[in-house]
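Below is one structure, written out as C-alpha cells, with a few remarks after it.
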Amino acid sequence: MRILIIEDDLVLGSSVRDYLKSEGENVSLITDDRKIDRFFNFGHYDIVLLDLMLKMKKGESILSQLKKNNPEIPVMIITAKEGIESKEECFKKGADDYIVKPFDPRELLLRVRSVSKRYGCPADRMEIGDLCIDVSGETIFKNGCEVKLTKREWDILYILLINRGNVVSFEKIINYVWGDKPVGTESVRTYIRHLRQYLPEDAIRTYKGRGYMLVGQ
C-alpha cells in the first residue's frame, strides 16, 4: 500500500513513516505543505495521512482539495485537535477517519488497513490486466483461474507489489526473500522470468544494474 503522510513535525512524521515502512508499507512524507500540489503530480497513493495544523495551509482546506480532485483516495486525519467541532468539520469535508495525537502507531496501522479495506486498496486485492492478486490469501488468479506460485515467487511478487511504482534493488529483494543466504542476482533474474509468464507484458520493468519495478493499477 502506498501511503502519503502530510505532517510538518519532522520528528513525528519520520517516526510514523519509519514504523509503517517496518510493517511493509510504501510510505512517502511531506513536511513542507507548500509542496503538496507538486508532489501529487508524481503518482497515485492508496491513502493520505493528513495533519490539520500545518505552517502555510489549513489542513481542512487541503482535505477539501484532496477530496475534490481525488475522491477515490481515502484521507485519515492525524491531529492534536480533539474537539467534536473539528471532527464534525473534517467528516463533513470527506475525511475517512480521525485519530488524535498522541496515538499508538499500532492503532494507526490498524486504522489505515481498515480504511484501505473499505476502499478495496491493494492491502487486500490488486488487478494488473487480466491478473487479480489476492494479497491476504497470497494467491493470484488469471482469467479467473488460480495460478500456483512457489513461496519465493510469491515473496518476490509481494515485495514488488508493496513498492509498486518504485525500483526495488537486487539487494532489497535478496534480503527479503533469502535473508543472509549467499544468493546472486542471477537467482533473482530466474524468478522474475517465471513471474513474467503470468503477468501482463511489461508489468515488470527492468532497470539494468539496479533492479525491477512493478507497474500497473
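The values are calculated or read from the model by the stated rules, or taken from the named source; none is laboratory data. These numbers were taken from a predicted model, which means no experiment stands behind them. All Cβ positions, glycine included, derive from the backbone under ideal geometry; neighbour counts span all protein chains shown. When the accessible area is computed, the model is the full protein with side chains, heavy atoms only, and any ligands, DNA or RNA have been set aside. Shrake-Rupley method; radii C 1.70, N 1.55, O 1.52, S 1.80 Å.
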| Qualifying residues in region 13-32 (those that are open to solvent by 20 Å² or more (accessible area, probe 1.4 Å) and more than 18 Å from Leu110 (Cα to Cα)) - the one nearest to the chain's Cα centre (by Cα) | Ser28
| remark: Expected output for region 173-190 (first residue more than 14 Å from Gly209 (Cβ to Cβ) and of a type in the set (Phe, Trp, Tyr), partner open to solvent by less than 50 Å² (accessible area, probe 1.4 Å) and in a helix (DSSP H, G or I), Cβ below 6 Å, 6+ apart or cross-chain) is Tyr176/Ile159
| task | Give the residue that is farthest from Leu29 (Cα to Cα), with candidates limited to residues of region 67-85 that are in contact with a Phe, Trp or Tyr (Cβ under 8 Å, 6 or more places away or on another chain) and either of a type in the set (Asp, Glu) or surrounded by 15 or more Cβ atoms within 10 Å (Cβ to Cβ) (or both). | result | Glu72
| field | Odd one out for Leu52 among (1) open to solvent by 10 Å² or more (accessible area, probe 1.4 Å); (2) more than 26 Å from Asn175 (Cβ to Cβ); (3) modelled with pLDDT of 85 or more | value | (1)
| query | Restricted to region 1-12, and to residues that are more than 23 Å from Tyr119 (Cα to Cα) and of a type in the set (A, V, I, L, M, F, W, C), which residue is surrounded by the most Cβ atoms within 10 Å (Cβ to Cβ)? | reply | Leu12
| said: So Glu186 ticks every box in (1) of a type outside the set (S, T, N, Q); (2) in a helix (DSSP H, G or I); (3) within 22 Å of Gly24 (Cβ to Cβ) but one. Which box is left unticked? | reply: (3)
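Please state which one of Cys121, Cys145 is within 20 Å of Leu20 (Cβ to Cβ) and either modelled with pLDDT under 85 or open to solvent by 40 Å² or more (accessible area, probe 1.4 Å) (or both). Break it down stepwise before answering.
Values: Cys145 fails: within 20 Å of Leu20 (Cβ to Cβ).
The conditions single out Cys121.
One line per residue, one yes/no per condition, for (1) within 23 Å of Asp9 (Cα to Cα); (2) free of Cβ contacts under 8 Å to residues at least 60 places away in the same chain; (3) not polar (S, T, N, Q):
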| position | (1), (2), (3) |
| --- | --- |
| Ala80 | yes, yes, yes |
| Ser86 | yes, yes, no |
| Ala95 | yes, yes, yes |
| Tyr98 | yes, yes, yes |
| Pro102 | yes, yes, yes |
| Leu110 | yes, yes, yes |
| Ser116 | no, no, no |
| Tyr119 | no, no, yes |
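Take Ile159 and tell me if it is at pLDDT 85 or above, more than 28 Å from Met76 (Cβ to Cβ) and open to solvent by less than 20 Å² (accessible area, probe 1.4 Å).
no
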| message | I'd like to check something: does region 129-140 contain any residue that is buried (at least 16 other Cβ atoms within 10 Å of the Cβ), over 17 Å from the mean Cα position of the chain (by Cα) and modelled with pLDDT of 85 or more? | response | yes
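Filter region 202-217 down to the residues that are under 23 Å from the mean Cα position of the chain (by Cα) and either open to solvent by less than 70 Å² (accessible area, probe 1.4 Å) or not polar (S, T, N, Q) (or both) and list them by number.
As a first pass, look at region 202-217 and keep what is under 23 Å from the mean Cα position of the chain (by Cα): 202-207, 210-217.
Residues satisfying the conditions are Asp202, Ala203, Ile204, Arg205, Tyr207, Arg210, Gly211, Tyr212, Met213, Leu214, Val215, Gly216.
Any idea how many residues of region 171-185 are closer than 16 Å to Tyr207 by Cβ and either among the hydroxyl-bearing types (Ser, Thr, Tyr) or exposed (fewer than 13 other Cβ atoms within 10 Å of the Cβ) (or both)? Before the answer, list the steps.
Taking region 171-185 as the starting set, the residues that turn out to be closer than 16 Å to Tyr207 by Cβ are 171-174, 185.
From what's left, either among the hydroxyl-bearing types (Ser, Thr, Tyr) or exposed (fewer than 13 other Cβ atoms within 10 Å of the Cβ) (or both): 171, 185.
Of the residues in that region, 2 qualify.
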